[in-house]
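The values are calculated or read from the model by the stated rules, or taken from the named source; none is laboratory data. Here the structure is a predicted model, which is why all the values come from computation and not from measurement. Methodologically, a virtual Cβ is constructed for each residue, glycine included, from the backbone with ideal geometry; neighbour enumeration extends over all protein chains shown. Side chains included, ligands, DNA and RNA excluded: accessible areas come from the protein's heavy atoms. Shrake-Rupley method; radii C 1.70, N 1.55, O 1.52, S 1.80 Å.
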Amino acid sequence: MSDEDPVLVHEADGVAHVVLNRPEARNALNLPMCHGLSEAFARLDADDGVGAVLLRADGPAFCAGADLKEREGRDEAWVRRRRLASFAAYEAIERCSKPVVALVHGAVVGSGGEIAMSCDFVVAADDTTFRFPEPHWGTVGATQRLQRVIGKRRAKELLFTARTMAVDEAAAVGLVARTVPAAALLATGEEIGATIASAPRLAMSLTKQAIDLGSETDLPKGIRIEMAAIERCLADGGWRGGVEDFATAMRESRSRAAAQEGS
């Protein structure tokens, strides 16, 4: 990839960074960016060296929504294909077996919100705002993920009014998992990514899968989903390392406590 690509990807120590790279357009989502996201997450999903993914953006805004300029002079068939490409991009993010954390800042509008909600959770800078103006642009969007994240009535209010929602409110309604100072966003994300990537890969992947599948069914079926995941971990044998690490940590903790008592 070159610096001109709308989506950049780089990896270090088991953590992949996927970066929206149209800062001059406030990272407005266009067709090349849709394809770039789909391709990036397909590759990362198949990369055994990646344990966590951070999705972030360059420039003053995370994503200012769909790039409506690219639709000038296009017919309905083209616009329909373009919308399907965006749906494919969101799905590629959601289907990634690795934990995906959105690091958002500045304006998160329309399609930007869809990208963020496709991730497993969102960490937001304290300068972040959210807006879902699709009906006011003469189209339909964010009607499905938004209501699943914040509830039907809140989703209706945001979509019907197109008002700007501040980050504190976004955190209160569950759209944002954590808010940090803007200057600390990347460092916080890197710390989270390193923590996730340090866990056994199979256990982390199965945890994500069990939560996602369990959210679509009732508790008894969810427990069966979890038990199937546990059986896979037992068959893999990697769980023994976790037990050994825990025992080692406990011994070290007791040794430190004893040393402090003796001093």
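When peptides 52-58, 72-78 are sorted by average Cβ neighbour count within 10 Å, with the highest value leading, the order is 52-58, 72-78.
The amide H of Ala57, built 1.01 Å from its N in the peptide plane, has Leu20 as neighbours under 5 Å, considering only residues 5 or more places off or on other chains. Among 110-122, 140-152, the peptide with the highest mean count of other Cβ atoms within 10 Å heads the list, and the full ranking is 110-122, 140-152. The residue list Ile230, Gly112, His136 was ranked by how far each Cα lies along the charge dipole of the chain toward its positive end, using unit charges on Cβ atoms, and His136 comes out on top. Rounded to the nearest 5, the antiparallel percentage of DSSP beta bridges internal to the chain is 30%.
The portion of the accessible surface of the range 55-198 made up by carbon and sulfur, rounded to a whole percent, is 52 (1.4 Å probe; DNA, RNA and ligands excluded). Per-peptide packing, taken as the mean over residues of other Cβ atoms within 10 Å, places 35-44, 220-229, 191-200 in the sequence 35-44, 191-200, 220-229 from highest down. Note on the chain: Rg/Rh from C-alpha atoms, Kirkwood Rh, equals 1.03. Surface exposure of the range 7-198, expressed per residue as accessible area with a 1.4 Å probe, stands at 44 Å². Over the range 122-206, what is the mean sequence separation of C-alpha contacts under 8 Å (at least six apart), divided by residue count, expressed as relative contact order in percent? Value for the range 122-206: 41 percent.
As a length-normalised measure over Cα pairs under 8 Å and 6 or more apart, the relative contact order of the chain settles at 15 percent.
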